[in-house]
Amino acid sequence: MASILVAEDLSAVGGISLSAAVPVLTAMDYQVAVLPTSLLSTHTSGYGRPAIVDLAQWLPQVFQHWTAAELDFQQALIGYVGSVELCQLLTTYLQAQALDLLVVDPVLGDLGRLYDGFDADYVAAMRRLIAPADVILPNVTEACLLTGLSYQDQPALVTLLTQLQGLLKPGAKAVITDVTQADKIGCAWLTDGQVQFVGQPRLAGHYNGTGDTLAAVLTGLLGQGHDLKTSVTLANQWLNAAVAATLAEHRTDARQGINLKPILKAILA
Ligand code: ATP
Ligand code: MG
């Protein structure tokens, strides 16, 4: 069993981020170290203002304990972090780990805007956090913020991806996760300077947690040794099935994250 460290927010209600990553990676046979970077009573989309506990005091103690206990992780997935201080703590801790795979979803914003509470210093801290990554999973907004290119919802992908690659170590890959091409939504990356795109039909509606879940699925598949194209293709198929299952529920409350059952079934099949 491979061990994986997953660090992102724990939102008690809403079924996204850690709540989605843990079942997915557990089904994929990982031993998951579940590290909340902050605690929230709900996620931040539609429930009003959540009660939040900042874990900046706790995280250094966790890393100290793990180091003393000689706990090592083979892989890591970093999602929402939340402050410059925590980004720096994670960057330092990860430097001391001999990881086979580090995936960073550089959560910064969406729809062309930084999320509330983030600023240019936070973007700079995120650039340092992605520098040692093997794979990063920005959406178009995050790709623009990281590179400093101005936001367009249909960006020139070759330019954006080339500049993103410049922020990464040799051999690492930037994968943009919310690319629209014709009627499809999917992911784009560069191979030998050429844009690769894999997607699935865009289904009606907007769903919470699709980006987080995609990151967990992709990390798990890559960690199992699948190549990037296979991993992105499977991840998009499974995400599409999860969105379709969510739609089929005809939910009256759209706040809960997507239905994970099709993903878990596909993993265990
Ligand atoms: P987030 O906004 O959570 O940061 P993101 O912007 O990185 O995430 P999303 O737009 O959530 O990315 O899309 C991530 C993946 O989820 C897509 O690549 C696709 O596989 C799937 N997905 C998202 N929305 C839909 C949809 N409406 N129909 C089908 N698949 C979807
Ligand atoms: Mg998005």
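The values are calculated or read from the model by the stated rules, or taken from the named source; none is laboratory data. All of these numbers come straight from a predicted model, not from anything done at the bench. Using ideal geometry, Cβ is built from the backbone for each residue, glycine included, and neighbour counts are taken over all protein chains shown. Heads up: the accessible areas ignore ligands, DNA and RNA and are worked out on the full protein's heavy atoms, side chains in. Shrake-Rupley method; radii C 1.70, N 1.55, O 1.52, S 1.80 Å.
Values computed for the structure shown
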quantity: Test set (1) near ligand 1 (Cβ under 9 Å from one of its atoms); (2) charged (D, E, K, R); (3) free of Cβ contacts under 8 Å to residues at least 60 places away in the same chain - Asp212 fails condition number; calculated: (3)
quantity: Residue in region 222-235 that is assigned to a strand (DSSP E or B) and touching a Lys or Arg at 6+ places or on another chain (Cβ under 7 Å) present; calculated: no
quantity: Qualifying positions in region 234-254 - within 16 Å of ligand 2 (Cβ to nearest atom) and either touching a helix residue (DSSP H, G or I) at 6+ places or on another chain (Cβ under 6 Å) or open to solvent by 80 Å² or more (accessible area, probe 1.4 Å) (or both); calculated: Ala235, Leu239, Ala242
quantity: Identity of the residue in region 174-192, open to solvent by 50 Å² or more (accessible area, probe 1.4 Å) and in a loop (DSSP other than H, G, I, E, B), that ends up nearest to ligand 1 (Cβ to nearest atom); calculated: Asp183
quantity: Members of region 193-206 found to be within 11 Å of ligand 1 (Cβ to nearest atom) and open to solvent by 40 Å² or more (accessible area, probe 1.4 Å), listed by number; calculated: Phe197, Gln200, Pro201, Arg202, Leu203, Ala204, Gly205, His206
quantity: Among (1) within 16 Å of ligand 2 (Cβ to nearest atom); (2) under 14 Å from Val179 (Cβ atoms); (3) out of contact with any Asp or Glu (no Cβ under 8 Å at 6 or more places or on another chain); (4) not aromatic (Phe, Trp, Tyr), the one test that Gly205 misses; calculated: (2)
quantity: Positions within region 81-119 being in contact (Cβ under 8 Å) with a residue 60 or more places away in the chain, within 16 Å of ligand 1 (Cβ to nearest atom), in contact with a helix residue (DSSP H, G or I) (Cβ under 8 Å, 6 or more places away or on another chain) and part of a loop (DSSP other than H, G, I, E, B), in sequence order; calculated: Val81, Asp105, Val107
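Per-residue answers, yes or no, for (1) closer than 19 Å to Pro36 by Cα; (2) surrounded by fewer than 18 Cβ atoms within 10 Å (Cβ to Cβ); (3) polar (S, T, N, Q); (4) within 16 Å of ligand 2 (Cβ to nearest atom):
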site: Val81; (1), (2), (3), (4): yes, no, no, no
site: Thr91; (1), (2), (3), (4): yes, no, yes, no
site: Asp100; (1), (2), (3), (4): no, yes, no, no
site: Pro106; (1), (2), (3), (4): yes, no, no, yes
site: Arg113; (1), (2), (3), (4): no, yes, no, yes
site: Asp121; (1), (2), (3), (4): no, yes, no, no
site: Ala125; (1), (2), (3), (4): yes, no, no, no
site: Pro132; (1), (2), (3), (4): no, yes, no, no
site: Thr141; (1), (2), (3), (4): no, no, yes, yes
